[in-house]
1. Which parts of region A:90-129 would a label at residue A:150 reach, counting a residue when its backbone N lies under 17 Å from a point 7 Å out along Cα-to-Cβ?
2. FRET efficiency for residue B:23 and residue A:7, Cβ-Cβ distance as r, R0 = 25 Å, nearest 0.05?
3. By average Cβ neighbour count within 10 Å, what is the ranking of A:26-39, B:28-41, A:115-128 from highest down?
4. Using θ = phi - 60° and the Karplus form 6.51 cos²θ - 1.76 cosθ + 1.60, what ³J(HN,Hα) does each residue of region A:154-171 get, whole Hz, x for Gly and Pro?
5. Across peptide B:59-69, how many C-beta atoms of other chains are within 10 Å of each residue C-beta, on average?
6. Calculated FRET efficiency, residue B:108 and residue A:54, Cβ-Cβ r, R0 41 Å, to nearest 0.05?
7. Ranked from highest to lowest mean number of other Cβ atoms within 10 Å per residue, what is the order of the peptides B:101-111, B:67-77?
8. Check residue B:76: other-chain or 5+ apart residues with amide H under 5 Å from its amide H, H built from backbone geometry?
Amino acid sequence: MKTPMTDDTWIEYFTVALRLRRVSGTAIGDAVASVRELLADSGQSAEEAFGPALEYSASLDLPIINPREQALRTVLLPVLGLFTFLVFSLASTAWFDRDLILISGPQMLLLAIPVVLTLMFAFPFYPRAVIRQRWLPAVLVLVAGASSALATLVAPASASDAWLVFSALPMLVGTATVLVVLSVIGTVATLRSRDDDEIVEPLQAQVGAKRPRGRHLLLIAVNWLFPLIAVVVFAMVWGFSLLRP
Amino acid sequence: MKSEHPEEVQLTSEWPSDWMRAVLGMFALRALEQGASYGYAIIADFEANGLGTVKGGTLYPLLSRYESAGFVSVEWRPGDAGPGRKYFSLTDRGRSELERTRSEWLRFTANGNDYLDTARTGRTDT
């Protein structure tokens, strides 16, 4: 015999179903509050009043989060930030050692593999496949790790073996600039999105959706993590270079 | 829109779903004609007027589409308990839509009634 679903469980299913449809947090808050309102007024169960949660979520024509903007915020900016930060760290070490940055062709290709594997999360089919195929995340981590390890093995020993030779200072300034630009883009995207992921009570949303100040600052600060860590790394490398005889 | 035959309404508490699907949008706009209202009050209004029982799962998606189309505007008002109530109001566009569909519907039902009465009395125009 089928056990009747409680209203709270129905609302949980409904919320998850709307999340999977990329409905914005404000619209989810509104839809859930409407359900609670009718249940309180009518005394009906959620299943009785609205039918199956999945079907009801599909019948509502609710505003969705722009998938491109979401991909930019959650995948593209962090990955580009990480990549730029790694190059910045290499450039810092090379600058204090008064060395050049040397990269061989095979090394470049191998280093590109983990970057491409991460950037592909911007396409909807890829994260879906990673979630569905349980073996896939392990394979991805192995491939990314192996390609990075191999990249160190094919590092050029001298400038004559290198495909690309960079002076450390322009690379240092360039990557620092890119880190700041990426953080500015991330901050603008965060402010413009008005934190669409957060489920907001409709009455709260109506009066201007004043988020807690601490949370607001935290969301903005996250965009500036890489520049902040870059400053710390730069100071550490400088400190170590001073300690050397 | 009160029924003139309440005893018949009691006998027919549910109407064919095809009929309701066709006219529910117009009825929902009509329910807001006198002023702002909320989900359960609209459903209760339909029932009180012999239009059958409409479920929340049918009414809310319709109102959501009308909100997107600009026929209704919404406002949450605080309630005694819970998340408050979502009030729907007709916009000028919604009022025009109601007038348009109502006049067409009345014309259609008048023709339909004439046609049905003609069949019952055995008169034919052709």
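The values are calculated or read from the model by the stated rules, or taken from the named source; none is laboratory data. Quick caveat: nothing in here was measured; it's all calculated off a predicted structure. We place every Cβ from the backbone using ideal geometry, glycine too, and count neighbours over all the protein chains shown. The protein model used for the area step is the full one, side chains on, heavy atoms only, and it has no ligands, DNA or RNA in it. Shrake-Rupley method; radii C 1.70, N 1.55, O 1.52, S 1.80 Å.
1. Those under the cut-off are A:104-118.
2. 0.25
3. A:26-39, B:28-41, A:115-128
4. 9, 5, x, 7, 9, 4, 5, 7, 7, 7, 10, 10, 10, 6, 5, 5, x, 5
5. Counting Cβ atoms of other protein chains within 10 Å of each residue's Cβ and averaging gives 4.
6. About 0.70, to the nearest 0.05.
7. Result, highest mean first: B:67-77, B:101-111.
8. HN-HN under 5 Å from residue B:76: B:87.
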